[in-house]
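First comes the structure, then the notes that go with it.
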Amino acid sequence: MTGSSSLVAVAAGGTGGHLFPAECLAKELADRGHRLAWITDERGAGQSSFLTGVETHTISARGLAGFGALGRLTGALSLGVGVFQARRLLKEMQPNAVVGFGGYAAAPTMMAATHLGLTTVIHEQNAVIGRANRLFARRVNQVCTTFTSTRRLPDGISPIQTGLPVRQAFKAIREIGYTAPDQNGEIRVFVLGGSQGAAVFSHLVPAALKRIPEELRSRIVVTQQCRGEIVEQTQLAFANCGVKATLQPFFDNVPDLIGRAHFIVARSGASTITEVAMAGRPALFVPYPYAADDHQTDNAKFMQKIGGSWSERQNDLTPAILADQLETLLTSPNALIAAADKARSVAVPDAAARLANVVEELIHGSNGHSVEARGAA
């Protein structure tokens, strides 16, 4: 099927958790000779690095949750406008397939595509299916998932587990492998909080490090994502406990930082978990407690269950508990190596290819081969 030029519309926007896997699929399809159309919201159009040279359309979209009655009304109107815009676009384009990556930004496009009877696929990144994808699960031709089991799927849905497409840089790190810190050497800790979690980690991490023995603390070097407005006070907190720390609101070399890390402290969004697993690095995940349907907790539980990471609920995590965790783990190289190996074992390096196979088979027919078998090749 490679090289058969079909037009595939990819609907994704909002956060990087939706955008990154969508970009990876788009690149895979482009490499196979397919034409692409990218349908996103204003936020997504400003974040994506793959839009140069790709037919791009920005439509109206806004979330409904957490904004009060007026906010929900405004959001509903915005989504309604988005459905009208997407319907008009899709009727003009006549794409051979439409692929959505969940979230409010993809909802108008998937609503329009299913109403028009187009070939449709949705990908669910998290271990709990999101509200938008749950709405369309019965209407699309195929649901694809990251995890082997995904909660809250509607009855009767038979998903295909493709894994979550991740950026090529993480596949390169995977080939390097993991090395635990030397007995007396530097210990590199990467704290990846995200915009919601940076403030919490900015308090917890230096306060925890201050409690561990000085001999261990002096070896630790921290790189941490930190909100711009609290960089100075967080830097001071690290200085007060004698830990060298590099703090920035945003890092453009996250794959490199994950690759160099001996240990990672992070939120448990699907992209973060998948990238850490692909790299094969040990991590402590602290789920964002206000995520929709608490999906980050399910993501973290999956990794902890297979032995690929540790997790702590934010409401239960104190500096003392984190200090105990860090002291124990950072002085247990065998435990770190075992977790890294387990995390690496569940990653799906060819997730983008598997997802592209699903799209192509829906467009052209299976020709007697199962999607799962082709994807695993």
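Could you work out the Kirkwood radius for region 170-346, taking every pair of different alpha carbons, averaging 1/r and inverting it, reported in Å?
Answer for region 170-346: a Kirkwood hydrodynamic radius of 15.9 Å.
In region 25-42, which residues have a backbone nitrogen under 14 Å from the label point lying 7 Å from L7's Cα in the Cα-to-Cβ direction?
34-39
How far, in nm, would the chain grow between K171 and D31 when pulled straight, counting 0.36 nm per residue and subtracting the alpha carbon separation?
Difference between extended and current length: 48.7 nm.
Would you mind ranking V346, V359 by Cβ crowding within 10 Å, fewest neighbours first?
Lowest count first: V346, V359.
Each residue of region 95-104 in turn: what ³J(HN,Hα) in whole Hz from Karplus with 6.51, -1.76, 1.60 and θ = phi - 60°, glycine and Pro shown as x?
Along region 95-104, the couplings run x, 6, 7, 10, 10, x, 10, x, x, 4 Hz.
Which whole-number percent gives the relative contact order of region 115-229, counting Cα pairs below 8 Å spaced six or more residues apart?
Once normalised by length, the contact order is 19 percent.
For region 179-193, list residues with backbone N below 18 Å from a point placed 7 Å from the Cα of S218 toward its Cβ?
182-188
Work out the FRET efficiency for I321 and L236 from their Cβ-Cβ distance, taking R0 = 22 Å, and round it to the nearest 0.05.
The computed FRET efficiency comes out at 0.40.
Could you tell me which of V191, A335, A30 has its Cα farthest along the dipole of the chain towards the positive end, charges placed at Cβ (Lys, Arg +1; Asp, Glu -1), taken about the Cα centre?
Selected residue: A30.
Tell me what the chain gives for mean residue ellipticity at 222 nm when only DSSP H runs of n ≥ 4 count, each as -39,500 (n - 2.57), the sum divided by the residue total, rounded to 500 deg cm²/dmol.
Taken over the chain, the calculation gives -14000 deg cm²/dmol.
Which angle between 0 and 90 degrees, to the nearest 10, do you get for helix 333-346 versus the longest principal axis of the chain when only C-alpha atoms count?
It is inclined by approximately 0 degrees.
Quick one: length gained pulling N253 to Q94 fully straight, 0.36 nm per residue minus the C-alpha distance?
53.4 nm
Roughly how tilted is helix 270-279, in degrees to the nearest 10 and between 0 and 90, from the longest Cα axis of the chain?
Approximately 60 degrees, to the nearest ten.
Just need the relative contact order of region 170-346 here, percent rounded to a whole number, with Cα pairs under 8 Å and 6+ apart.
26
Modelling each spin label as a point 7 Å along the Cα-to-Cβ direction, I'd like the R211/L135 distance in nm, to one decimal.
4.3
As an exercise, identify the chymotrypsin sites (Phe, Trp or Tyr not before Pro) in region 274-350 lying in DSSP coil whose Cβ has no more than 13 other Cβ atoms within 10 Å.
Y290
Please give the helix 295-305 orientation as an angle from the longest Cα principal axis of the chain, in degrees from 0 to 90, rounded to the nearest 10.
60
Can you tally the net charge around A343? Count Lys and Arg as +1, Asp and Glu as -1, for every other residue whose Cβ sits under 13 Å from the Cβ of A343.
+3
For the pair E55 and R260, what calculated FRET efficiency results from E = 1/(1 + (r/R0)^6), where r is the Cβ-Cβ distance and R0 = 35 Å, to the nearest 0.05?
According to the calculation, E is roughly 0.40.
Nearest 20 debye, what's the magnitude of the dipole of region 73-166 about its Cα centre given +1 on Lys and Arg Cβ and -1 on Asp and Glu Cβ?
The calculation lands at about 180 debye.
Normalised by the residues of the chain, what does the relative contact order come to in percent, with Cα pairs under 8 Å and at least six apart?
Relative contact order of the chain: 15 percent.
Sort out for me the Cα centre separation of region 326-362 from region 259-295, rounded to whole Å.
Comparing the Cα centres of region 326-362 and region 259-295, I get a distance of 11 Å.
Laboratory data are not the source of any read-out in this text; all were calculated from the coordinates shown. Because the structure is a prediction, the values reported are computed rather than measured. Using ideal geometry, Cβ is built from the backbone for each residue, glycine included, and neighbour counts are taken over all protein chains shown.
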